[in-house]
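As structure tokens, the structure follows; a few thoughts come after it.
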């Protein structure tokens, strides 16, 4: 089992435990996705606080461990969303790989999508 498969497996176990422990069995797909998007937004806000975005405050030393912890929190909710959407780790990898290639094509002016023509600034 590769690491992404293991992450998906661990997240499913955590999600199942939280759902059972907190009595959340009746929540449907749409509401779960909304909750997960809100949770990711909250975690991204916590990450933003770790990297001195508040120009009106004195800067603090950035704690790389805290930054990594917030990124992992984002990953938890992202993987939950993937699981709820029916993604497997393999399918996520395949779709990511395809989209990554398309993004390179766009930057190289090789995409038929408007707004990515070569030479544009």
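Throughout, read-outs are computed from the coordinates displayed, never taken from laboratory work. Remember, predicted model here, so these are calculated numbers, not experimental data. Cβ placement follows ideal geometry from the backbone for every residue including glycine, while neighbour counts extend to all protein chains displayed.
Quick notes
- Fully extended contour minus Cα-Cα distance, from residue 103 to residue 56, at 0.36 nm per residue: 13.4 nm
- Interatomic Cα distance distribution for the stretch 27-83, bins of 5 angstrom, percent: 4, 19, 23, 18, 14, 10, 7, 3, 1
- Estimated translational D of the chain in µm²/s (Stokes, Kirkwood radius over Cα pairs; 10 °C; 1.306 mPa s): 92 µm²/s
- Computed over the chain, the per-residue total of -39500 (n - 2.57) for DSSP H runs of n ≥ 4 gives a 222 nm mean residue ellipticity of -23500 deg cm²/dmol, rounded to 500.
- Each residue in 75, 83 was given a count of other beta-carbon atoms within 10 angstrom of its own, and listing them fewest first yields 75, 83.
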